[in-house]
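Q: Okay, handing you the structure first.
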Amino acid sequence: MVFIPTFGDKDDLMDAVAGHALSTYLAGKTAMRPSGDPVEDLRNGWRLHIGFGLENPDVYSALYGSRRRHAPSEAEQQAERILTGLLHAIAEAGRLAVPEPQAVQLMHAAGRGTIFTLIGSDSDPADADALADRAFEMVRGVITVPDPADRPSAADPVARAATTLRAALPDVDRLTAPEKALLDEWLDRVQGSGPPSPER
């Protein structure tokens with residue numbers, strides 16, 4: 001017997017089609033081998049994401065352009081985990097200039113904005129690639145700092161150290177869960193995203 005899935009309405013059907021296309025794309029993305037440079041790995045992931053959006057404009061619009069509410073598909077959750085993992089690797093290397101959640105939001109905004117801009121234009125492929133590369137360099141310049149092995153960083157070294165420590169905090173086994181939560185709150189303040197301590 002052949003199982004034929006049923007869908008509640010046209011939107012459910014579109015979700016299923018879009019999810020399948022995204023799953024196929026992610027199969028290639030997860031096969032990427034780390035280059036040894038986490039920022040370069042993020043760049044490679046960006047290029048794949050841009051390519052997917054431009055090759056599948058209707059699917060991409062269904063996934064990221066609709067305002068209707070729906071639970072994220074497993075494929076969408078997997079895409080989020082991949083991006084989060086790429087940024088976490090940069091944080092562990094001491095090269096993330098902003099808190100990880102903020103970096104995820106900035107990457108989403110830049111990536112989706114770039115793709116929808118290019119979908120709505122008639123740019124030739126070379127111009128589209130150039131614009132996408134420039135967009136990546138702009139967001140990269142905000143969320144990352146140079147490799148210390150290349151040149152000294154102009155970013156706040158204390159905030160950068162806090163970002164790196166927060167990335168490694170889940171693997172610290174010498175602290176209890178409440179101690180980790182407290183340290184995470186303190187590091188959040190050092191990064192500048194938490195409320196300031198009251199003056200004494």
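The values are calculated or read from the model by the stated rules, or taken from the named source; none is laboratory data. For clarity, every value in this text was computed on a predicted model and none was experimentally measured. Reconstructed Cβ throughout: ideal geometry from the backbone, glycine too, with neighbour counts over all protein chains shown. Protein only, heavy atoms only, side chains kept; ligands, DNA and RNA dropped before computing areas. Shrake-Rupley method; radii C 1.70, N 1.55, O 1.52, S 1.80 Å.
Q: Confirm whether residue 176 is at pLDDT 80 or above, over 30 Å from residue 64 (Cα atoms), in contact with a Lys or Arg (Cβ under 9 Å, 6 or more places away or on another chain) and hydroxyl-bearing (Ser, Thr, Tyr).
A: In short, no.
Q: Of everything in region 142-165, what is more than 20 Å from the chain's Cα centre (by Cα) and at pLDDT below 75? Give them in sequence order.
A: If the condition is that a residue be more than 20 Å from the chain's Cα centre (by Cα) and at pLDDT below 75, then 148, 149, 150, 151, 152, 153, 154, 155, 156, 157 are the ones that fit.
Q: Could you please tell me which pairs satisfy a Cβ distance under 6 Å, a separation of 6+ or placement on different chains, a first residue in region 33-48 that is closer than 18 Å to residue 80 by Cα, and a second residue that is small (Gly, Ala, Ser)?
A: From residues that are closer than 18 Å to residue 80 by Cα, the pairs are 38/89; 38/93; 41/35.
Q: Same structure, new question: Does at least one position in region 75-82 carry a residue that is open to solvent by 40 Å² or more (accessible area, probe 1.4 Å), modelled with pLDDT under 85 and either in a loop (DSSP other than H, G, I, E, B) or polar (S, T, N, Q) (or both)?
A: Looking for residues that are open to solvent by 40 Å² or more (accessible area, probe 1.4 Å), modelled with pLDDT under 85 and either in a loop (DSSP other than H, G, I, E, B) or polar (S, T, N, Q) (or both), one finds at least one in region 75-82, hence yes.
Q: Out of the helices (runs of 4 or more DSSP H) lying entirely within region 1-70, which hold 3 or more residues that are of a type in the set (A, V, I, L, M, F, W, C) and modelled with pLDDT under 70?
A: 10-29
Q: Within region 163-191, can you find the residues that are open to solvent by less than 50 Å² (accessible area, probe 1.4 Å) and of a type in the set (A, V, I, L, M)?
A: If the condition is that a residue be open to solvent by less than 50 Å² (accessible area, probe 1.4 Å) and of a type in the set (A, V, I, L, M), then 167, 168, 169, 172, 183, 187 are the ones that fit.
Q: Return a yes/no flag: does region 84-99 have any residue that is of a type outside the set (Phe, Trp, Tyr), under 15 Å from residue 50 (Cα atoms) and open to solvent by 40 Å² or more (accessible area, probe 1.4 Å).
A: Checked against the condition, which is being of a type outside the set (Phe, Trp, Tyr), under 15 Å from residue 50 (Cα atoms) and open to solvent by 40 Å² or more (accessible area, probe 1.4 Å), region 84-99 yields no hits at all.
Q: Mind listing just one residue for me: the one in region 111-141 that is of a type in the set (Gly, Ala, Ser) and in a helix (DSSP H, G or I) and, of those, nearest to the chain's Cα centre (by Cα)?
A: Restricting to residues being of a type in the set (Gly, Ala, Ser) and in a helix (DSSP H, G or I), the top hit is 111.
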